[in-house]
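Read through the structure below, which is laid out as structure tokens, and then see the notes.
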Amino acid sequence: MPMKKTTNQIIEHLLLRYPDLSGIKEQITTGCNMILACYRRNNKLLVCGNGGSAADSDHIVGELMKGFLLERRIKKSDGERFVELFGKDGEYIAKHLQRALPAIALTNHTALATAFGNDAAADMTFAQQVFGYGEKGDVLLCISTSGNSVNIRYAAQVAISKEIQVVGLTGIGGGTLATLSDCLIAVPAKETYKIQELHLPIYHVLCAAAENEMFGTGD
């Protein structure tokens, strides 16, 4: 069996491909460790953003809730339980399920978002979901190229009130999120599309590091 990679090795590989990110290695490492600690506590990741960052939120959940770089077979005992309960169906279920890292994109609940926006306040839809889903020990990943999105700010403030750690993923400076984030990962770019181009490899590393630490031993 190949040796398990370390989080530092995963980050170093990122920096080889994107040397412009070398100046924020410490922040990327801190973000990885915060998300990993969340999963080790059996908590979950909440993710939010607007526009392209909303698409990134969904992308992140897709990498965490199923196998990303590793095969994530369920435990043998779980598979046996499915077979015991459901026979042939249980065999199919056990064969195709994968272990997950629980994550929720707060951007995908159209009926909730439109209803809350119409009935209460559109800029509070992320905050409402943090209030409803969030639990102490979770992590909220806030993606905002400017760091100043009002609905992201409200979500971060609700998270803080519930003792949910905040990781901010922004452009240079960090905007308002700089003062609200337990870990701010502010990429060295100012134009929106350039910031987004650097966000993708960073959140891939956040996902890869968590997956590697939680499932990289093959147990």
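Every read-out reported here was derived from the displayed coordinates using simple, explicitly stated rules and does not represent laboratory data. These numbers were taken from a predicted model, which means no experiment stands behind them. Don't worry about glycine lacking a Cβ; one is built from the backbone with ideal geometry, like all the others, and counts go over all protein chains shown.
Assign one of three labels to the stretch 1-93, namely rounded, prolate or oblate, based on the Cα gyration tensor with a ≥ b ≥ c the square roots of its eigenvalues; rounded applies when a/c is under 1.5, prolate when it is not and a/b is larger than b/c, and oblate otherwise.
On the way: a/c = 2.53, a/b = 1.80, b/c = 1.40.
Since a/c reaches 1.5 and a/b is larger than b/c, the shape of the stretch 1-93 is classed as prolate.
With a 10 Å radius around each residue's Cβ, average the other Cβ atoms per peptide and rank 157-165, 86-94, highest first. Write down the numbers at each step before the final one.
Numbers: 157-165: 17.6, 86-94: 13.3.
Result, highest mean Cβ count within 10 Å first: 157-165, 86-94.
Please order ARG81, ARG40 by the number of other Cβ within 10 Å, starting at the fewest.
On the way: ARG81 15, ARG40 11.
Ranking ARG81, ARG40 by Cβ neighbours within 10 Å, fewest first, gives ARG40, ARG81.
Amide H neighbours of ILE185 under 5 Å, counting only residues 5+ apart in sequence or on other chains, H built in-plane at 1.01 Å?
Excluding prolines and chain starts, which carry no amide H, the hits are GLY168, LEU169, THR170.
Give me TYR193, TYR18 ranked fewest to most by other Cβ atoms within 10 Å of their Cβ, as a rough exposure proxy.
Details: TYR193 9, TYR18 16.
Ascending number of Cβ neighbours within 10 Å: TYR193, TYR18.
Rounded if a/c is under 1.5, else prolate if a/b is larger than b/c, else oblate: which is the chain, with a ≥ b ≥ c the root eigenvalues of its Cα gyration tensor?
Taking the square roots of the gyration eigenvalues as a ≥ b ≥ c, the chain is oblate.
For the chain, what is the mean residue ellipticity at 222 nm derived from helices alone (per DSSP H run of n ≥ 4: -39500 (n - 2.57); sum divided by total residues; nearest 500 deg cm²/dmol)? Show your work: numbers first, answer last.
Values: 9 runs with 117 residues, N = 219.
Calculated at 222 nm, the ellipticity per residue is -17000 deg cm²/dmol.
Could you pull out every residue, at least 5 positions away or on a different chain, whose amide H is within less than 5 Å of the one on MET65? Hs are placed 1.01 Å off N in the peptide plane, and Pro or chain starts have none.
HN-HN under 5 Å from MET65: LEU101.
What's the exposure ranking of SER144, SER77, going from fewest to most Cβ atoms within 10 Å? Write out the running numbers ahead of the final one.
Numbers: SER144 26, SER77 7.
Ordered by Cβ neighbours within 10 Å, fewest first: SER77, SER144.
Answer rounded, prolate or oblate for the stretch 107-168, using the Cα gyration tensor with square roots of eigenvalues a ≥ b ≥ c: rounded when a/c is under 1.5, else prolate when a/b is larger than b/c, else oblate. Present the calculation step by step, with values, prior to reporting the outcome.
Working: a/c = 1.99, a/b = 1.33, b/c = 1.49.
Since a/c reaches 1.5 but b/c is at least a/b, the shape of the stretch 107-168 is classed as oblate.
Starting at the first residue of the stretch 7-19, write each ³J(HN,Hα) from the Karplus equation 6.51 cos²θ - 1.76 cosθ + 1.60 with θ = phi - 60°, in whole Hz, x for Gly and Pro.
4, 4, 5, 5, 5, 4, 5, 4, 5, 5, 7, 10, x
Can you pull the one-decimal nm distance between simple spin-label points at ALA37 and SER161, each 7 Å off the Cα toward Cβ?
Result for the modelled spin labels: 2.4 nm.
Highest GNM mean-square fluctuation, the chain, Cα pairs closer than 10 Å: which of LEU64, LEU21, LEU177?
LEU21
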